[in-house]
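Asker: Input: one structure, supplied below.
The values are calculated or read from the model by the stated rules, or taken from the named source; none is laboratory data. Computed from a predicted structure; not experimentally measured. All Cβ positions, even for glycine, are placed from backbone atoms using ideal geometry, and neighbour counts span all protein chains on display.
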Amino acid sequence: MAETNENRSSLPVDEYISHHRGNYEAFHKMSLEKPDEFWNEHANIIDWYSKWDKVLDDSNPPFFRWFTNGKLNVTYNALDRHLKSHRRNKAAFIWVGESGKEKIVTYHGLLKRVNAFAKALQDAGLKKGDKIAIYMPMIIEATVAMLGAARIGVAFTLVFSGFGANALADRITDCGAKIVVTADGANRGGKLIDLKKIVDEAVELASTVEEVIVVRNTENKVEMVEGRDYWYHEITADQNVFVEPERMDSNDALFILYTSGTTGKPKGVVHGNGGYSVWVANTLKWAFNPQEDDRWWCAADIGWVTGHSYIVFAPLLLGLTSVIYEGAINYPEPDRMWDIIERYGVNLLYTSPTAIRMLMRYGDLYPAKHDLDSLRVLGTVGEPINPAAWQWYFKTIGKSRCPIVDTYWQTETGGFIISPATQLGVGSLKPGSATFPMPGIDPVILDEAGKELGDNTKGFIAIKRPWPGLMLGLNNDPERYKSVYFSKFPGKYYNGDYAMRDSDGYYWLLGRADEVIKVSGHRIGTIEIEDALVSMKEVAESAVFGKPDAVKGEAVVAFVITKEGVTADKALIEKLKKGIRETMGPILVPDEIHFVKAVPKTRSGKIMRRVVKAVYTGQIPGDVSTLENEASVAEIQEAINILRKQSEK
Ligand code: WT7
């Protein structure tokens, strides 16, 4: 990549959009000084069956509970209430398939589908507190499954369709899902992915599943297991049922979403009904300022939190029209994205730096073929955006008139936590900075010892107090919730990022501080890949790290030590890649696998991934003392020597 994290902030700011600072400052100040007043007002962005006793119950930290005893149903807010207004026949979703097929579903039509699916779940014996897993492509039925579950108080876990059978089975087992909803296949990049086959394998490994529901999405022929598998269109054939929305407590679980951390086992992040809904609806409004007739396109996958919060929940709560696209954004041609914007008159576009970098590589002729004048705000998410990509997005796509809303957040935060707030007035943008905290967010930059750092100094970013979108906890693991997020800096939320605040108060996110990497915006624990490698019979040990990549941000490199007697050759590399693809899925497959005789470790046995990476990418010599917290300089020097000797051979 042209820029490194370190020089990002010192680049000249030659392009910016000047907005009035507007209400932002006063608004943010009030959110922190009078939180009760602030949230009593802003929680009314949704309708409640009955109001809360307390805005925030912080009597049992870090298990913070918002809007205690408040009762609501998310699907009532996302669907039923819009039917009483002019939104009844408004498009909720405009779905576009890779082949160019399109489907428009109105709010009324979506409610019918959701009711029919909720009824099918009830018929299968599911009730409040049960769990289902959803393993689906980007189709309307995936949103129906999420909402149908939420209507009757069943929590869902949606597993990204780029994960393999073992990864799916682990998630099903961890949350105890009774039903898996899937499709006969998915279309991606002109290829057909046989999702049902992967579900069959996963269900063999997971013992909790009683039923599999299959949506017909492709021409793919699938095997249906008698008594276990049901066609979606058959069990939802009656589209004229009404299912009473369950009155959910604000702090009942809405969904569980698994995400990577610094140990092998993914964490089941649990989000609730009340605080989460209030957070996603308000943040979308503050950041993007959507208007009634806008067309919003969040081009993420619903398998990630971005899709949960900003394809499904926030836009529906606000009664917006969203575009959903199933397929690759450069297929069949590199102008696919620009074509969809022109065709549907998209006003607000939300995508990722990796997508922008990929599309930028095809050159300016592709966007030039299309009328992009409908665009008003451009968003990005997933990793820091390098200024070159920011400038291209701003000038070539937005014609220098659309603000770039760089939203910083995490699966755990529910919605944006640092982002320009175009509705409130952001002042000038700086390319590569996510600008200022959202209302209710109180960030600090800390050193290793937890001491607050001043401006222009890189440190760890932590949040000083809870906000409504913060997860309820980790599924079945309160201890891990405490230790992962609230122990490094007691009393503060910390989740692994470096950042800096400049003298104008702008926040610059500077990448992960832990063993998590971002590959095309996908969050991957390097240890997950190491575990997958070591579970194969040829592998004794491995060290995985991310190397800089101009398009993907980072690419996965694995150093592997084979077991005695195993021939370490090209065929083995292919075999290991295939093994990971099948068990964990394509997103975890390393780009490079290198065989080595040793990987350096600290005295306490921790693999020094940062040292391996520094040697591999030629960043050594440099200041080695910052490379690895647990190791001495002498140990690091020895590690470097080991690696150098191996590469000389
Ligand atoms: C990690 C969270 C949030 C939805 C998608 C990813 C990185 C995310 C930004 C941004 C710099 C960013 C952080 C964060 N990240 N957005 N705008 N600027 N870094 O969610 O998979 O939970 O990943 O993504 O490192 O911790 P996620």
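Asker: I'd like to verify a number: residues in the range 50-95 that are aromatic (Phe, Trp, Tyr) and closer than 30 Å to ARG295 by Cα, how many?
Answerer: So the answer is 3.
Yes/no per residue for (1) of a type in the set (A, V, I, L, M, F, W, C); (2) within 23 Å of GLY109 (Cα to Cα):
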site: ILE139; (1), (2): yes, yes
site: ILE152; (1), (2): yes, yes
site: ALA165; (1), (2): yes, no
site: THR173; (1), (2): no, no
site: ASP194; (1), (2): no, no
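Asker: Hey, does the range 408-422 have a residue that's of a type outside the set (Phe, Trp, Tyr), part of a loop (DSSP other than H, G, I, E, B), more than 21 Å from the chain's Cα centre (by Cα) and away from the ligand (no atom under 16 Å from the Cβ)?
Answerer: No, every residue in the range 408-422 fails to be of a type outside the set (Phe, Trp, Tyr), part of a loop (DSSP other than H, G, I, E, B), more than 21 Å from the chain's Cα centre (by Cα) and away from the ligand (no atom under 16 Å from the Cβ).
Asker: Of the conditions (1) of a type in the set (Gly, Ala, Ser); (2) within 11 Å of the ligand (Cβ to nearest atom); (3) surrounded by fewer than 21 Cβ atoms within 10 Å (Cβ to Cβ), ALA499 satisfies every one except a single condition; which number is it?
Answerer: Going through (1) of a type in the set (Gly, Ala, Ser); (2) within 11 Å of the ligand (Cβ to nearest atom); (3) surrounded by fewer than 21 Cβ atoms within 10 Å (Cβ to Cβ) one by one, ALA499 breaks only (3).
Asker: Which residues, counting only those in the range 385-407, are among the polar types (S, T, N, Q) and either surrounded by 23 or more Cβ atoms within 10 Å (Cβ to Cβ) or within 12 Å of the ligand (Cβ to nearest atom) (or both)?
Answerer: Within the range 385-407, ASN386, THR407 qualify.
Asker: So, of the residues in the range 352-384 that are over 18 Å from TRP297 (Cβ atoms) and in contact with a Gly (Cβ under 7 Å, 6 or more places away or on another chain), which turns out to be surrounded by the fewest Cβ atoms within 10 Å (Cβ to Cβ)?
Answerer: It comes out as GLU383.
Asker: For residues that are in a loop (DSSP other than H, G, I, E, B) and within 16 Å of the ligand (Cβ to nearest atom), tally how many sit in the range 423-450.
Answerer: 10
Asker: Going by the structure shown, is ASP549 touching a residue at least 40 places away in the same chain (Cβ under 8 Å), acidic (Asp, Glu) and closer than 16 Å to THR262 by Cβ?
Answerer: When the stated conditions are applied, ASP549 does not pass them.
Residue-wise test of (1) modelled with pLDDT under 95; (2) buried (at least 18 other Cβ atoms within 10 Å of the Cβ); (3) in a loop (DSSP other than H, G, I, E, B).
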residue	(1), (2), (3)
TRP52	no, yes, yes
LEU56	no, yes, no
ASN60	no, no, yes
PHE67	no, yes, no
ASN77	no, yes, no
HIS82	no, yes, no
ARG87	no, yes, yes
ALA92	no, yes, no
VAL96	no, yes, no
